[in-house]
Amino acid sequence: MIAARNITKTQLGLFYAFAAMSLSAVLLAFKLNLTFLMAMPALLLVIFFTVLNYKAFYFVLMAMLPCSIEYYFPSGLATDLPTEPLMAGLMMVTFALILFRKNTLPAGFLSNPLIIVLLLHLFWIFICALNSGMPVHSFKVFLAKIWYFTPFTLLTAIVIRSGADLKKWFWCIFLPLTFLIFVTVLRHGIIYHFSFQEINKCVTPYFRNHVNYAAMMSIFFPFILWAASWYRKNTITHKMLLVAIVFYIVAVYLSYTRTAMLAILGMIPFYFMVKWRLTRYAVLALILFGSIGISWLFYDNHYLRFAPSYEDTIYHDDFGSHLSSTFEGKDVSSMERVYRWVAAARMVHDRPYMGVGSGNFYNYYQSYTVTAFETYISDNEERSTVHNYYLLMLAEQGWIGLIIFLLVTFTVFIYGEYIYYKMVARENKRAVMIMLLVMFSIIINLLLSDMLESDKVGPFFFMVISMLALFDLGLVSMEPDRK
């Protein structure tokens, strides 16, 4: 117990003030019939302790990323709990730190090329919101981007300053994520015998669907490869991480998610592309062949040749049929994506420069669809969007928005390769390579989804850019100590 004589007058005054505030909040809540007012003193207390120990809350947020659930309010508003309240709170703390503490952000961080292109992306989202057909939706997306950017880019740069911090960061995410994957695989095997049709039932409530679940696994996978190099061979931790590598590969396969599998397989050629300094040539080839391919598809409406048969385009009971039907153009989920891709590409003709505004694709796309690509799930009861983040940028932010996001992507890879060869220490080179592999996985997943606003994917996008900038500036270094 704390002796009464050790309590100062200031501490006693703060206690009485908090007690009075709590009592007032309760009375006011009953008087106005607003029960949420009773939580205000506790909320202020949490904010107070967050400011005092923001680093601890940052790592709590990391641990909560795999565990968050989507909660829908009666009004229709949805949020991720507890991550989004934590993001919003840490955003305010980050702003306070930057405003009231000198040199909180490392020198040169905001002027780093990676951060500059990311800020340009955020700026264009704001400009598009001003010009949006439905500005309320667009400003919601902009605000969400800010509370992703602030804790995951800026606060990461404030908190992560050593190899020890990065190791703590890894374990905070790895342990809860691995536990949830283990529970999911167990449920899938015992209850549903690894049925392809039932995978979505097994990932809830922590993941929206099997795509969301597999994306997070494939994105975090390179970090496990990295962590295995931190510990001496034959130690328990090293062996556990090697088992985890195999377990994640098996779990990704059992998720039956094509993009996640492609992301993990594609890491092998991507690794050698960076090692052999071929990134800029790969980017140029991608731009060239992408431009030729898209031009051919829309010249004389060649894309209509790929229209599916409405009757034959269905869901399949097993993963093998699902894969083969994808290549044959008979898988309903794949062709529904094409249905929306065509709509997104047609939308840009009416608003070529600024699009319809972020968050507005669903409200506009139906009038741009082509009935030849319609499937029996085209009524879109889930209110989902394009299922391709680049086409989403094109539809909602116009050509300028797409070019800026491509600039962000290409800058990360081309400048990231420069950072890789700039590093002298082998451990730092390995760290930069891992960051690039993670970003590669994110980009592959975004080709068939638009999950950058999801707390299972988006945080890694912002954190990887922040960490690459920190390595570039020499503010973080991986020490070669092995336990």
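No lab work stands behind these numbers, since they all come straight from the coordinates. Predicted model only: the values in this text are computed from it and were never measured. Note that each Cβ is placed from the backbone with ideal geometry, even for glycine, and that neighbours are counted across all protein chains shown.
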Highest to lowest packing among 57-68, 279-290, scored as the average C-beta count within 10 Å: 57-68, 279-290
FRET efficiency, Y281 to F179 (Cβ-Cβ, R0 35 Å, nearest 0.05): 0.25
Net length gained if the chain between Y353 and S229 were fully extended (0.36 nm per residue, minus Cα distance): 40.0 nm
Extension gain (nm, one decimal) between I236 and S162, 0.36 nm per residue minus Cα-Cα: 24.2 nm
Trypsin sites (Lys or Arg not before Pro) lying in DSSP loop within region 144-209, provided at most 15 other Cβ fall within 10 Å: R161
Computed E for F59/Q197 - FRET, C-beta separation, R0 41 angstrom, nearest 0.05: 0.60
Proximal lysines relative to K55, as straight alpha-carbon distance under 24 Å, when same-chain residues fewer than 8 apart are discounted: K102, K145, K167, K168, K456
Other-chain or far-sequence residues with amide H under 5 Å of I69's (modelled H): L81, T83
